[in-house]
Amino acid sequence: MMKKCCYLTIFVLLVHSEFLAIQPVNATAKRVVVPQNPADYLSLTYYLNKCPDAEGIIQQKLGAWIQRDFTLAASLIRLHFHDCAVRGCDASILLNYKGSERSSYVSSTLRGFQVIDDIKAELEKRCPRTVSCADILTAAARDATVFAGGPFWEVPFGRKDGRISLAKEAEVVPQGHENVTALIEFFQTKGLNILDLVTLSGAHTIGRCTCGTILNRLYNFNGTRKPDPSLNTTYLNLLKKRCKRSTDLVYLDVITPRTFDTVFYTNLQRKVGLLTTDQELYSDQRTLPFVEAMASQPFLFQNQFIVSMTNLGNVQVLTGNEGEVRVNCNYVNPR
């Protein structure tokens, strides 16, 4: 078993490695590096001269909010995912008008908008029309992870804010009842792979969800009028006691709900995963090996979480002359 885990660790670490191919070089030719996708235009030094205190302001403001309400850490990570899942990481989820993604029923339980507004207001005072809402949300998700006890990583900046946000497009975001095949296919449309799926699902080590999301697992799984047989019986009874109303909240990680750790994965091994989409990661042969690796090797989860969150933050970004830098994250700039 140890040998198997070691091999899997090596495989996981190599998945995102880049290898250099040796090719003939024309010594007289000038080498020109052309970015392959918009994310290549992002830079760690993007705000170095434009707004050098940007990250510090985001971190300070966010820390104050999370100190008052720790649950916002998970909410901001989720808000970032919902943003990147529709039209890429362009802050389209923040646009607030009738018919926008934010107005969709699917987005009704999203939180953290006020946090972003507060950060944006301060940045507009210090660096007017400079820091995009998309960059703020991406950095906020990173800082929320750190405040929750997770790893730190450098966030490249330069994203622009989108001008389009449609409620119907938000309906494609996974809601906790999809099968693994549907999840894999959805992630692939965003340029993310199975390892990213399993790793980003690990963000459910913190956070809560409404009971309405899981009532079918408790009482009428797949129309059988019976509970989901994959649920641990003790856990099933606990959930029935806590879910008196569909609006009641339950923790995604029943064991260590306020700690960013790998207990989420060991919970799946014990059949105490809250969401159907989470529990099925342990029953599907395509995702099972990654779940087992994360459960037994916390350092692997921490390192891969950095890689997968970076991948998520680079999904379909707008850069250069695309998009804009909103003055108010709730509305597109007037023309």
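Go ahead and collect, in residue order, the members of the stretch 94-128 whose backbone nitrogen is under 12 Å from a label point 7 Å along the Cα-Cβ direction of Asp69.
Under cut-off, by backbone N: 110-116.
Within the chain, which DSSP H helices have Cα atoms that stretch 18 Å or more along the helix axis and a mean Kyte-Doolittle hydropathy of at least -0.5? Before the final figure, lay out each step's value.
On the way: long enough: 2-15 (20 Å, 1.73); 54-68 (22 Å, -0.21); 72-85 (19 Å, 0.81); 113-126 (20 Å, -0.59); 133-147 (20 Å, 0.93); 298-313 (22 Å, 0.57).
Once both thresholds are applied, what remains is 2-15, 54-68, 72-85, 133-147, 298-313.
Is the shape of the stretch 57-148 rounded, prolate or oblate, going by the alpha carbon gyration tensor and its root eigenvalues a ≥ b ≥ c, with a/c under 1.5 for rounded and a/b larger than b/c for prolate? The partial results should precede the final answer.
Values: a/c = 1.74, a/b = 1.20, b/c = 1.45.
Verdict is oblate for the stretch 57-148.
Distance check, please: which entries in Lys61/Lys168; Lys98/Lys190; Lys61/Lys160; Lys125/Lys160; Lys125/Lys168; Lys190/Lys226 exceed 29 angstrom between their Cα atoms? Numbers along the way, then the final one.
On the way: Lys61/Lys168 32 Å; Lys98/Lys190 26 Å; Lys61/Lys160 21 Å; Lys125/Lys160 19 Å; Lys125/Lys168 35 Å; Lys190/Lys226 35 Å.
As for pairs spanning more than 29 Å Cα to Cα, those are Lys61/Lys168; Lys125/Lys168; Lys190/Lys226.
Label point 7 Å out from Gln302 along Cα-to-Cβ: which residues of the stretch 146-165 have amide N under 15 Å?
Label zone hits: 146-154.
Give the dimensionless ratio obtained when the Cα radius of gyration of the stretch 101-146 is divided by 2.2 N^0.38 Å.
Working: Rg = 12.1 Å, N = 46, 2.2 N^0.38 = 9.4 Å.
With N residues counted in the stretch 101-146, Rg over 2.2 N^0.38 Å equals 1.28.
Largest first and to the nearest Å, give the Cα extent of the chain along each principal axis.
Result, largest extent first: 66, 53, 35 Å.
Report in % the part of the accessible area of the chain that belongs to carbon and sulfur, leaving out ligands and nucleic acids; probe 1.4 Å.
Working: 9230 of 16960 Å².
Here carbon and sulfur together make up 54 percent of the probe-accessible area.
Extending each Cα 7 Å along its Cβ direction at Asn49 and Lys226, get the distance between those two points in nm, one decimal.
My value for the distance between the label points is 6.9 nm.
Quick check: residue separation of Asp40 and Gln114 times 0.36 nm, minus the Cα distance between them. What number comes out in nm? Present the calculation step by step, with values, prior to reporting the outcome.
Numbers: separation 74, 0.36 × 74 = 26.64 nm, distance 3.03 nm.
Result: 23.6 nm gained on full extension.
Give me the accessible area per residue for the chain, probe 1.4 Å, as a whole number in Å².
I get 51 Å² per residue for the chain.
Multiplying the sequence separation of Lys241 and Val172 by 0.36 nm and subtracting their Cα-Cα distance, what value in nm do you get?
Net length gain for the segment: 21.7 nm.
Starting from the 7 Å offset along Cα-to-Cβ, what nm value, one decimal, do you get for the label separation of Asn321 and Arg163?
1.3 nm
The values are calculated or read from the model by the stated rules, or taken from the named source; none is laboratory data. Fair warning: this is a prediction, and the values are worked out from it, not measured in the lab. We place every Cβ from the backbone using ideal geometry, glycine too, and count neighbours over all the protein chains shown. Only protein heavy atoms, including side chains, enter the accessible area calculation; ligands, DNA and RNA are left aside. Shrake-Rupley method; radii C 1.70, N 1.55, O 1.52, S 1.80 Å.
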